[in-house]
Amino acid sequence: MYIERNKNIFRYTFENSVHKYIPDFITDEGIIEVKGRKDKKALAKENQFPDIIIFDATKMKPIL
């Protein structure tokens, strides 16, 4: 499996402001973001970048 740290910056809108977003990893499966839990900002990112794979606490539990 290919994996490397992501350095690409994405811009997203949250509460009428533009923010920078740097997901965690690039893999052969796609871009992955690791989140402990989903807050309003995380949901905004997920809605604006549906191709990014989010690993939240539920998905991380079996791995850890």
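Just so it is clear, none of the values below were taken in a lab; they were calculated from the coordinates. Everything quoted here is computed from the prediction, not taken from an experiment. For neighbour counting, all protein chains shown are included, and Cβ atoms are generated from backbone atoms with ideal geometry for every residue, glycine included.
Structural remarks
- Based on DSSP H segments of at least four residues, each scored -39500 (n - 2.57), the chain has a per-residue ellipticity at 222 nm of -5000 deg cm²/dmol.
- With R₀ fixed at 25 Å, the C-beta to C-beta distance from THR58 to VAL18 puts the FRET efficiency at about 0.30.
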